[in-house]
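See below for the structure under consideration.
The values are calculated or read from the model by the stated rules, or taken from the named source; none is laboratory data. Computed from a predicted model, the values in this text were never measured in an experiment. Neighbour counts run over all protein chains shown; Cβ positions are idealised from the backbone, glycine included.
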């Protein structure tokens, strides 16, 4: 039986000193996702595709519409980063198929537990450990739903001695955040240099690396991408690192590898990366606004009319996906596309 990750971290820190927040988060989530199905009411959290088929269906229609207006190029590849149980792909590709969009399916997944579930729904899919082995012979339609939030973040904190990296230390057997000893002032943007003591700056080099690679592929091959996650579209300070277990927030440092560690996605930084790579940033909008623009209310009404016994549940799901106090505002949708591809639906001015 694998030793608890908490014990591993205790030994590591006791022997070599504090480790970075990014190291802690990467190791914790690698252990967490490799060993379980975290989704659904019996797991630790529920994602949008598990709430309602409408979510995946509208993503599928968005992809099909983009592909059709781009001239129906072939071959074309559907690429999903962190596809969960495969639910989103099932609903998206099922809806898109009605319009002739039948791409080759590729999943970027490292969890053997989740891959086994994806295989049941998508036996024809091709699995990849990262983007490097995705084919280069045609445009890509890329979807990443609640993928970036689980990637490691780096945190810097302003102390009385200057800017330092925020680390994970050990005190009487307990893990806790501490300030590193190495000066980090040169890594801080000029407009943050004189921030108040205690200010935390959070970045995600791992997310930036993914965006650079995705945008390089779109620029070279054509296509479009959707990144959907909770986060903010303007720069912010402060720690957003959190842990969720059994649908409740828990202590980030209490049980590494046993809870889902996430941080808010800085979509403003990712948009700048996309534009620096010559890719069209279509916009970053609230999930509720985007789904309404794509017709979720009409789709909910149609599903309710088809199945009156489930009408209440359908409308509750729609509200959960779009409501201000639910997922509608906190979650954002960022659209990207190659320069020669059309702008996708849902990113225009608010109605």
Handout entry: Identity of the residue in segment 325-350, over 14 Å from residue 282 (Cβ atoms) and in contact with a helix residue (DSSP H, G or I) (Cβ under 7 Å, 6 or more places away or on another chain), that ends up surrounded by the fewest Cβ atoms within 10 Å (Cβ to Cβ)
Key = 350
Practice task
Kindly list the number of the only condition in (1) more than 18 Å from residue 63 (Cβ to Cβ); (2) in a helix (DSSP H, G or I); (3) modelled with pLDDT of 95 or more; (4) in contact with a helix residue (DSSP H, G or I) (Cβ under 8 Å, 6 or more places away or on another chain) that fails for residue 319.
Solution key: (4)
Fill in the blank from the handout: Residues in segment 222-246 that are over 26 Å from residue 185 (Cα atoms) and either modelled with pLDDT under 95 or in contact with a strand residue (DSSP E or B) (Cβ under 6 Å, 6 or more places away or on another chain) (or both) total 12
Handout entry: residue 96 over 27 Å from residue 250 (Cα atoms) and either under 18 Å from the mean Cα position of the chain (by Cα) or exposed (fewer than 14 other Cβ atoms within 10 Å of the Cβ) (or both)
Key = no
Problem - Residue within segment 303-310 that is more than 23 Å from residue 230 (Cα to Cα), touching a helix residue (DSSP H, G or I) at 6+ places or on another chain (Cβ under 7 Å) and in contact (Cβ under 8 Å) with a residue 12 or more places away in the chain present - result: yes
Handout entry: residue 238 vs. criteria more than 18 Å from the chain's Cα centre (by Cα) and either in a strand (DSSP E or B) or on the phi > 0 side of the Ramachandran plot (or both)
Key = yes
Problem - Residues located in segment 185-198, provided they are assigned to a loop (DSSP other than H, G, I, E, B) and either over 28 Å from the mean Cα position of the chain (by Cα) or surrounded by fewer than 12 Cβ atoms within 10 Å (Cβ to Cβ) (or both) - result: 189, 193, 194, 195, 196, 197, 198
Handout entry: Candidate set from segment 168-184 (those that are in contact with a helix residue (DSSP H, G or I) (Cβ under 7 Å, 6 or more places away or on another chain) and assigned to a strand (DSSP E or B)); member that is nearest to residue 134 (Cα to Cα)
Key = 168
Exercise for the section: Could you list all residues from segment 148-176 that are in contact with a strand residue (DSSP E or B) (Cβ under 6 Å, 6 or more places away or on another chain), over 25 Å from residue 30 (Cα atoms) and surrounded by fewer than 21 Cβ atoms within 10 Å (Cβ to Cβ)? Expected result: 159, 162, 164
